[in-house]
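Please treat every number below as a calculation from the coordinates, not as lab data. Please read these numbers as outputs of a predicted model, since none were measured by experiment. Note: ideal-geometry Cβ built from the backbone for every residue, glycine included; neighbour counts use all protein chains shown.
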Amino acid sequence: MSIATTQQQIAFFGATGGCTNACLVHTLNAGFHATTLARTPSKLTSMLLAQGLAQSTLDSQLTIVKGDISDISAIKSVLTNNSATFQVASQIISGIGGAPKIQKSLRRPVTVDNPEICATATKNIVQALQEIYEAQPSTAQHKPSITVISSTGISDVKEDVPFGFRTLYHVGLATPHKDKKEMERLVLENSGAGGAFCGAVIVRPSLLTGDQSVKGGKGWGKLKVGREEEPAVGYTVHRADVGEWIFEKVVKAGDCGESFFGQKVTLTTLEFDLFQSEIAKIA
Ligand SMILES: NC(=O)c1ccc[n+]([C@@H]2O[C@H](COP(=O)([O-])OP(=O)(O)OC[C@H]3O[C@@H](n4cnc5c(N)ncnc54)[C@H](OP(=O)(O)O)[C@@H]3O)[C@@H](O)[C@H]2O)c1
């Protein structure tokens, strides 16, 4: 397994999304080198500069590959940092997701512009890695870990959605959740011996609030953290805190997230009882 040092490359997908952007900001501030796919590179650059990163930091530590997640060649460039020597990233962080779309349906009021985006992204990252390993077999000795951002509300093991949100999650969000479930299956199936990844960390945040601004969250230390068998059940979590948790526990950890490999980590801030009392204060 690869050990993360600031000299190694971290590959990001979906870094114009709030959680992943916050994670990237912490990653660059800590001196790591990153490569990221972006459909609109100027959007990503503006987001990073607005968070206080210097242009010189972006120039020296960040490579942006313009492209779509359907483009295997662009994904390969991200994973190898455009290098002819095929140095593969030590870690992959993906927060790819579709844009919500409201539709005229009582059963499925919320869908996304691309209902299979998360599964497709995973399949394409796996294919890109396999092509890299085939072209240069020595690269398979140091496979990257992958961390994906999934969702609560898809567990077959234990209910992790508070009572008040269950209709929204289990009925309204069924379409994006089917995609998240398939993504989780694919990352686990392709992890470990013989797989494309050395291991996988699945992050399941509750309803996301706020944006990417690392100054806007409550801080990763305030998060309630659970796992599938014992989920932390709460209503909301700030995007910046999710990104910071991934940075602290995976990117910076030194073991590429190994202590969470195979886990489905639930992240939330407000536990059910606390949320009730917050509502009571307002009412
Ligand atoms: N909303 C919630 O309450 C909630 C709850 C739990 C989990 N989640 C999931 O958590 C993840 C992170 O959410 P977020 O709000 O931080 O980010 P987000 O706004 O959902 O960001 C999605 C990212 O995916 C990228 N993307 C979409 N289609 C792409 C394509 N075809 N090729 C390349 N990139 C593509 C977007 O790039 P562009 O900027 O180019 O569009 C953006 O960077 C998502 O998967 C989301 O579904 C959401």
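Laid out as a table, the results:
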item	result
For the stretch 190-234, average projected area of the Cα convex hull in nm²	4.9 nm²
Positive-end residue, the chain charge dipole about Cα centroid, Cβ charges, pick of V148, T269, I92	T269
Ranking of K222, K101, K123 by count of other Cβ atoms within 10 Å, fewest first	K222, K101, K123
Dipole magnitude of the stretch 111-264 about its Cα centre (Cβ charges: Lys, Arg +1; Asp, Glu -1), debye to nearest 20	440 debye
Among the listed pairs K66/K222; K143/K215; K104/K222; K104/K224; K76/K158; K123/K252, those beyond 30 Å (Cα-Cα)	K66/K222; K143/K215; K104/K222; K104/K224; K76/K158
Ranked R107, R166, criterion: other C-beta atoms within 10 Å, fewest first	R107, R166
Per-peptide average of other Cβ atoms within 10 Å, ordering 187-194, 170-177, 259-266, 91-98 highest first	91-98, 259-266, 170-177, 187-194
Rg in Å to one decimal, and Dmax rounded to a whole Å, for the stretch 181-267 via C-alpha atoms	13.4, 41
Angle in degrees between helix 272-282 and the longest Cα principal axis of the chain, rounded to the nearest 10	60 degrees
Alpha-carbon gyration tensor eigenvalues x 5, square-rooted, for the stretch 9-282, Å	30, 21, 18
Amide H contacts of R39 (H built 1.01 Å from N, under 5 Å, at least 5 apart or other chain)	G67
Choice from K252, K181, K215 with maximal GNM fluctuation in the chain (Cα, 10 Å cutoff)	K215
Student exercise, the chain dipole from Lys, Arg, Asp, Glu Cβ charges, in Debye to nearest 20	600 debye
Counted charge near K158, where neighbours are those whose Cβ lies closer than 12 Å (Asp, Glu -1; Lys, Arg +1)	-3
